[in-house]
Amino acid sequence: FFGVVTDIELHASDPRLKHTLPDVDNPLINEIVSGTVAYGTISVLPNLTMPMVLGAGDGPVAAKTIPAHFSRTYAASEQDVGMVFGAEDANHFWIGSPLDMDTKVCLDLDQLVKRSIGVFGKSGTGKTFLTRLLLVGIVQGGQACALIFDMHSEYGWGGQDTDRNTTVKGLKQLFGSQVSTFTLDEENARRRGISTDEVVQIGYGEIEPEDIELLKETLNLSDVAASATYDLERHFGPGAWLTEFLALDSRAGISSLAAELNVNPSALSSLRNRLSRLTRFPFLVGDGNANTAERIIEHLERGKHIVLEFGRYGNDLTAYVLVSNLLSRRIHNTYVQRKEEAEGGLGREPRPLVIVIEEAHKFLSPAVAPQTTFGIIARELRKYNVTLMVVDQRPSAIDTEVLSQVGTRLTCLLDNERDIDAVLAGTPGSRQLRGVLARLESKQQALVFGHAVPMPLVVHTREYGEEFYAEIARHPGFGSPVSQEELEKQISELF
């Protein structure tokens, strides 16, 4: 049996011991009482069983019973942990170590990217560093490409370790040409001395009513005003409705349009005032020939991993939600089309894709998840080779149906009861794991469970620093060094 300790308690065989203490100053009495009258117990949650004699193909399976009376208990050895979680190789990424053990716990990368991934924890618990570790594993393993909507410019060239007041390397520094960086804010990238591969521009004609509906909360739109966008699209036509509507600058014009659409004039006027805020974003341009989504897909087809940095717009939730949803919808539509063509023998399947979003509850709340692209992706279970990595500090605000489809969850410290319930919903042994989750330390500890690991386990995550960078340099792809032929091929593709 392989299990995890969930609780430790003190007990006594005689209840009077609580009120009438023996003379424990006497060494003989102390020795007699300890372990007999007074003793300690540990609670163990059995997760896996292993055959006593291993044969070909044998491995750990889910525990369906419990050990017999008087069974011997042992601390798991490094060999035991390696047998259960696998050794570090092209399909297994070292994420951390069990508490108080100097051995490696690895994630199964094939299983990790097959379904959506969740990284949860309250603010300041290291979600960003944990996400960086996962992305490094995905880039090294090569099982999928990653598209990261980088709200605070933490994953591209470099980020900040606020606790130590130092700068840490991002994916672009670690993997060079394997990673492409896009930016919404070229000026911000220039000030930071960073060269980006592409500058993102989005045409007003690319914005659709469902993008505006997702902005109801951030733009403070009423239900009537948000639904009016669909009437505007029918009236002015797809691609032109937003430009034509923003061009209306008179109260009479808005009143006339409201009467024609049978919409409340005040709601339509409020909608125009709110949407006029979008004009302050320089990355929104008048023509519809920006084709950012197509350029992203071109990079993904070449096997690149993409970091889209938001620069100074990362602090504006309207910009983050609008751009992330709009580009994801177009990319997802392309993946659906190409997947269907491949099934019909008209092309090859697109490379698996993991889309990383922060503040995930803004896209996946119960009110908007059924309509958003991200809600659709979460429910499809990689049907079209696209999955999500959701990073959030409020998992209870995510739609329960979406959260149930998250295959692997990595959870740092949470102290809100509703958030703990949401994360552990549907997990075997959730009652025992509640106490484990509530007792995590505030830094570098996470409860990992789901498809990428055979059983739930608390890990002390790897240090993300100079030693980690050296490991990456020694193992650029978990495999043997790149041959001269492969190097020349990469140079040819690059130039």
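The values are calculated or read from the model by the stated rules, or taken from the named source; none is laboratory data. Being a predicted model, the structure only gives us computed values, none of them experimental. Every residue, glycine among them, receives a Cβ derived from its backbone with ideal geometry; neighbour counts consider all protein chains shown. In case anyone asks, the SASA skips ligands and DNA or RNA and just uses the protein heavy atoms, side chains included. Shrake-Rupley method; radii C 1.70, N 1.55, O 1.52, S 1.80 Å.
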| task | Report, in degrees rounded to the nearest 10, the 0 to 90 angle that the Cα long axis of helix 251-261 makes with the longest principal axis of the chain. | result | 70
| said: Explain nothing, just the number: relative contact order of region 217-344, from Cα pairs under 8 Å at least 6 residues apart, as a whole percent. | reply: 22
| query | Top to bottom by accessible area (1.4 Å), largest first, where do Trp157, Trp241, Trp94 land? | reply | Trp157, Trp94, Trp241
| message | Quick query: amide H of Gly158 versus all other amide H atoms, modeled in the peptide plane; which residues come in under 5 Å with a sequence gap of 5 or more or a different chain? | response | Gly170
| request: Kindly express, to the nearest 10 degrees and within the range 0 to 90, the angle between helix 292-301's C-alpha long axis and the longest C-alpha principal axis of the chain. | output: 50
| field | Partners for Lys489 among lysines (Cα-Cα distance below 22 Å; same-chain residues under 8 apart left out) | value | Lys172, Lys304
| Given charges at Cβ of Lys, Arg, Asp, Glu: the chain dipole, positive-most of Ser43, Val368, Val263 | Val263
| field | Residues with amide H under 5 Å from that of Ser180, placed H, sequence gap 5 or more | value | His305, Ile306, Val307
| task | Quick one: pull the percent of accessible area on the chain belonging to carbon and sulfur, 1.4 Å probe, ligands and nucleic acids left out. | result | 49
| task | Taking the Cα centre of region 209-353 as origin, work out the dipole magnitude from +1 charges on Lys and Arg Cβ and -1 charges on Asp and Glu Cβ, in debye rounded to 20. | result | 400
| field | Student exercise, the chain dipole from Lys, Arg, Asp, Glu Cβ charges, in Debye to nearest 20 | value | 480
| query | How high is the FRET efficiency from Ala12 to Leu99, r the C-beta distance, R0 35 Å, rounded to 0.05? | reply | 0.80
| query | Cβ under 10 Å from Ser116's Cβ, Ser116 left aside: what net charge do those residues give with Lys, Arg +1 and Asp, Glu -1? | reply | +4
| Simple spin-label estimate for Asn273 and His19 in nanometres, 7 Å along Cα-Cβ | 7.2
| query | For region 210-298, treating each Cα as an identical point scatterer without solvent, what Debye log10 I(q)/I(0) comes out at q = 0.13, 0.22, 0.24 1/Å? | reply | -0.45, -1.16, -1.33
| What ³J(HN,Hα) values, in whole Hz, does the Karplus curve 6.51 cos²θ - 1.76 cosθ + 1.60 give for region 370-382 when θ = phi - 60°, with x put for Gly and Pro? | x, 9, 7, 4, 5, x, 5, 4, 4, 7, 7, 6, 6
| field | Helix 484-494 axis, angle to the chain major axis (alpha carbon atoms, nearest 10°) | value | 40
| Across the chain, where is the longest run that never hits GluC sites (Glu not before Pro) in a DSSP loop with at most 14 other C-beta atoms within 10 Å? | 1-440
| field | Helical mean residue ellipticity (222 nm; -39500 (n - 2.57) per DSSP H run of 4+; nearest 500) of the chain | value | -11000 deg cm²/dmol
| field | Using θ = phi - 60° and Karplus 6.51 cos²θ - 1.76 cosθ + 1.60, couplings along region 218-234 (whole Hz; Gly, Pro as x) | value | 6, 9, 6, 9, 7, 4, 5, 5, 5, 5, 5, 4, 5, 5, 5, 5, 5
| said: Given a Förster distance of 60 Å, report the FRET efficiency between His235 and Gln173 from their Cβ-Cβ distance, rounded to the nearest 0.05. | reply: 0.75
| said: So, for the chain, what is the accessible surface per residue at a probe of 1.4 Å, expressed in square angstrom? | reply: 49
| Which whole-Hz ³J(HN,Hα) couplings does region 346-359 yield from phi under the Karplus relation 6.51 cos²θ - 1.76 cosθ + 1.60, θ = phi - 60°, glycine and proline marked x? | 9, x, 9, 5, x, 5, x, 10, 10, 9, 9, 10, 9, 6
| Roughly how much of Val263 is accessible, in Å² to the nearest 10, using a 1.4 Å probe? | 20
| task | Please list, or write none, the aspartates and glutamates whose alpha carbon is within less than 19 Å of the alpha carbon of Lys216, excluding same-chain residues fewer than 8 places away. | result | Glu206, Glu208, Asp231, Glu233, Asp316, Glu358, Glu359, Asp399
| remark: Heads up, the chain by the C-alpha gyration tensor (a ≥ b ≥ c square roots of eigenvalues; a/c under 1.5 rounded, else a/b over b/c prolate, else oblate) looks prolate
| note | On the formula 1/(1 + (r/R0)^6), with r taken between the Cβ atoms of Arg192 and Glu260 and R0 of 51 Å, the FRET efficiency rounded to 0.05 is 0.55
| message | As a quick test, which of the pairs Lys114/Lys443; Lys169/Lys339; Lys104/Lys339 have an alpha carbon distance above 30 angstrom in this structure? | response | Lys169/Lys339; Lys104/Lys339
| So who's got an amide H within less than 5 Å of the one on Ala446, skipping anything under 5 residues away but keeping other chains? H placed 1.01 Å off N, in plane. | Val459, Thr461
